[in-house]
Structure formats: structure tokens, C-alpha cells
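Since the structure comes first, as C-alpha cells, the remarks are kept for the end.
The values are calculated or read from the model by the stated rules, or taken from the named source; none is laboratory data. Given the structure is predicted, the values throughout are model-derived calculations rather than measurements. Here the Cβ positions follow ideal geometry from the backbone for every residue, glycine too, while neighbour counts run over all protein chains shown. Calculation scope for accessible area: heavy atoms of the full protein, side chains included, ligands and nucleic acids excluded. Shrake-Rupley method; radii C 1.70, N 1.55, O 1.52, S 1.80 Å.
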Amino acid sequence: MPCETPPGTLRRGMTRKSLILGAVLWTLVGAALLFQFRNPSADPNSGSDREKKSTPSEPVDSAEGSPADAEGGGDADGQNSVHIGFPAKTLPEFRFDECMGEKFGSEELKGKRWVASFIFTSCTQTCPTITRAVMEVHDRVAKAAPDVMFVSFSVFPQYDTPEVLAKYSEPYTKGHRERWKFLTGRQQDIYELIVKGFGQYVKENPEESRYPGVEVAHSNRVVLVNEDGIPVATFLGTVAEDMVHLRRILQGQEEFPQPGASATGGLTFSSSDGSPLGIQFQVVPGDSSGDSATEATPASPDQASETPSDRTEESKPPETDSSESDGSARLLPPGNSILTAYQAPISVDEFNADLQQRLPEWARPLPAINAGLNSLATVLLMSGWMAIRRKQKSLHRNLMISAFVTSVIFLLCYLVYHWALGKYTGEHGRKFSGEGVAAIVYQLILWPHIILAVFVPLLAVRVFMHAFAERWDDHRRLARITFPIWMFVSVTGVIIYAMLYHWPSDVTPRVTTALI
């Protein structure tokens, strides 16, 4: 007589509930993959229309003299981008609102060397790069130059309240705010200081080229100020070599710059309301592909040092060149061939190195520990499966309990690591640098891993509940579903770690965020 199949059971021991659950899980996996590949915003480097048409966050930098006055590092085109030795001028007195609710200004900075930068929190262009670069210098010189102060001025104070700046600055300062201050205040006062004091450019973008993240055009330069309140050098915050140069100066590995001859007038690009003064700007249209601008003929030193009264009709404000097919323009200051605002975004390798640097020492080994825990769970699961196949029930029980405890420890370490990421970096995880087929394979592994990982603790607990209650038929049926899912999540966790942390770094960056 043929065996009768119990009601609600399909062939080979699979119940209808198991079939439905499996179908739901794989439907979710398919939906996640479909969403990922159809959503272009998943890849920040995909180059949206908005990115192609964006107005630069910082179209110009300050001309503290002619190119011959500059010393030190160079930019990508071989032009000197570190400016040292321009005429000395003491900064005017200032006092603004600090992000932690106090007042802070020149009085507190008297007798101290300090570093100034200019950013705004909603910036989508160069500000994050500049702030990360300043953070790197701030952290690296803490022991060698503990008295050096760092001050970041908001160029969009209408939005950047002290509360907004406090939230923005937390991942960068990591709670240590004694040496790094973030200031905001009345726009006119801040612009007056930036333009007439530091000699840097700042101006709100016009309405036609203004949208969230690109409200203000401002200098990318980081300014070094001596103990007498005199700016003595500027460095491009978007050029790594410049910031290394600054760090070496602060650490005493290079001579601290001395101010040049005294100057009674400011070297400024604009008045406090942003209208141009004293410098000829040159508009150089780029090609339609968005590549770098053609080098402009530098203005002469006489043009760079002319005063408002000497200014002729030929010296006009920067304008958007309509010949740009994408509606954008290239603005070049005297002596520079290409705008730093159009430099390539930070690479994946730089992002990952920066992320690792910003994490505290105790959090950095956690991904490797998590990969080790996943590997151990895989071994225990396989051993437990082999034990039950040999009818070694006690050994099977002990191995599966060990696998469960290992997975629980992994989950705790995982949560702690991502808590540290959010607190100290403001990011969600490393980025995968592979491209092409590698990127597709990575996505095919990542998303099923993330989705199925949600179900593992729920399924595992239910399996153990059946075992402890000696509901062996229910235990076996659910274990047939839970085991392959659990194994898949453990094995792919190790694979994802290997791809994120050990993938060759000499490939063209393709950004894909990983939740690991």
C-alpha cells in the first residue's frame, strides 16, 4: 500500500506553509534587486542632470599676489596652489555665535596660531571634502601642536543656526570641541570678514542657478593665521598635497610662514554684499562633456592688485556663459587654470581611508571580528548538520546552540560598529570600489544577504522553541528552511567583508554603499 501524504504536505517533506514562506522571501529578494538596478540614485557617481548642471560651490580662490608670489605645493595642472608671502594685514576684530551656544572670536584667538575654513552645512559640492581635510589635519596635529585652533565659518548663516552647525560638526569633532569652533552670525558681518579680512571670495548664487546645496559660491581655501592675527598662507582644502603641507607646518616639520610687507588695504575680491572689487574675473566656457575648462590667460599682477578706484569698465563681475550646453560656466581667477570646484569627487579609496581614520581605535577591528564570527558560525552550522545526519543528537544540539550564540555575538558587534559609524563619521558603511561585473555580483550577494539576515533570528528562535518543546516534526520542517538561509547569510557575510576590505584598490571607482 502506498504511503499517504499527510494533509497540507507536499512531496519531499515541504509543507505548503514552507513553500509560501520561501516564495515570499524570494519575491522580496527579486523586488529589492529590481529596485536597485532601476533606481539610478543608488550610484552617487552616476552623474545626474542636476550634478551636470550644478553651479560650483566655490568658483574662485583668493589672489594674494601674482603666481610668482606662491610657494609650495601645486595643483593638478602644475600651478602653485599654496600661497605664501602675500602682503601682511591684521584681521579685524570679530565675534560670532559658536555652535555650542557661546560667543567666540578674535579675543579668544589672541596669541594663538589658527586655521580658518569656509563652509556651509547644506553644501553638496566641496564643503564636505574641505571639512574632512581640516578634520584630518586637526586630528594629526593634536599632540605636536595642541595650542593650534581651528575655526570654520558658515557662509550660509541664514540656514546654519548654532543648532544646525552643532549637529553637522559632531562627526568631525568627535565630541572634542576645545580646539575646533564652528561659527555663524549675521551674514554681512561674516562676509565682510571673509572678503576684507581674509581676502577670500564669497557670494550668494543668483536665483536662476540656486537650488538646495548650491546656495553660495565661496573660496575653497583654508587660511593659516599667525599668533598676531595675520593671515600668512592659504591652502586649497580640496587638494590633499596642500593639506599635507599645512599639517607639516603645524607639526614643525616645515618652517612656519612669515607675513610679507605690511599692507594698508585688503586684498579682496568683493565688497561685503558680494559685488566684485579689484580683480578681473575671466569666464571660460567648458565643452559640453563637462570636462575641465580651457586655461585662461592669467591677469597681470597689476590687474590683481588694482583698487576699486582704479577699476575700469572692462573689469566685470563673473557671469554665466550661455555657450555652455549644460547651462553652467567656468570661472577662473588670475593665475589659475582650472577650478577646484570641478575637481573629481573624493575617490572610494579616499572615502574608505577617511572613514577608517575617523573611527575610534576600538571600533576599527570590528568588521574583521564580525567576519571571523560569521566564519565560526558557518563551521558550527556545517558541523551540526553533519552530526544530525549521523544521528548524534546531543552533539547536534550543542553545535547548533553554539552557532546561535556566535550569531548573537555577531549581531551585537554589528550593531555596536554601526552605532560607532553614525556617531563618529555620520556615514553608514564602507563603499565597494569594484565596477562592471564585479559590482553586479556584489549587489547580487549584498541584497539577498541583507534581506535574509532579517529572518535568521526569527527562524532560528522558532526552531529552538520547537526543539525545547520536543515538537520534532515541526522542528525538522522549519529547520529545513532555516538551515540554508542561515548558512547563506553566514557565508555571504564573509564574502562581503572580503570584497569590501580586500578588493584591489587600483580600479576605477564605482560607489556602492554597503551595510556592513
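Pop out the carbon and sulfur fraction of the accessible area of the range 83-237 as a percent, whole number, probe 1.4 Å.
Carbon and sulfur: 51 percent of the exposed surface of the range 83-237.
Test of understanding: express the Cα radius of gyration of the range 369-492 as a ratio to 2.2 N^0.38 Å, with N the residue count.
Against the empirical 2.2 N^0.38 Å value, I get 1.20 for the range 369-492.
Using a basic spin-label model with each label point 7 Å from the Cα along Cα→Cβ, how many nm lie between R476 and E350?
6.1
Can you compute 3J(HN,Hα) from phi for each residue in the range 112-129, using the Karplus curve 6.51 cos²θ - 1.76 cosθ + 1.60 with θ = phi - 60°, rounded to whole Hz and x for Gly and Pro?
Coupling constants for the range 112-129: 10, 7, 8, 10, 10, 9, 10, 8, 9, 6, 8, 4, 10, 9, 9, 4, x, 5 Hz.
Pull out the extension gain between S375 and S209, defined as 0.36 nm times the separation in residues minus the alpha carbon to alpha carbon distance; nm, one decimal.
Full extension from S375 to S209 adds 54.5 nm.
At 1.4 Å probe size, with the rest of the protein present, what percent of the exposed accessible area of the range 395-516 is carbon and sulfur atoms?
Ligands and nucleic acids excluded, carbon and sulfur reach 69 percent.
Please calculate how many Å² of accessible area the range 117-181 carries per residue, with a 1.4 Å probe and no DNA, RNA or ligand atoms counted.
Accessible area per residue, the range 117-181: 36 Å².
Of the trypsin sites (Lys or Arg not before Pro) in the range 376-456, which ones lie in a loop per DSSP and count no more than 10 other C-beta atoms within 10 Å?
Qualifying residues, ordered by number: R390, K391.
Which peptide among 351-361, 441-451 comes first, and what is the full order, when sorted by highest mean count of other Cβ atoms within 10 Å?
My ranking of the peptides, most packed first, is 441-451, 351-361.
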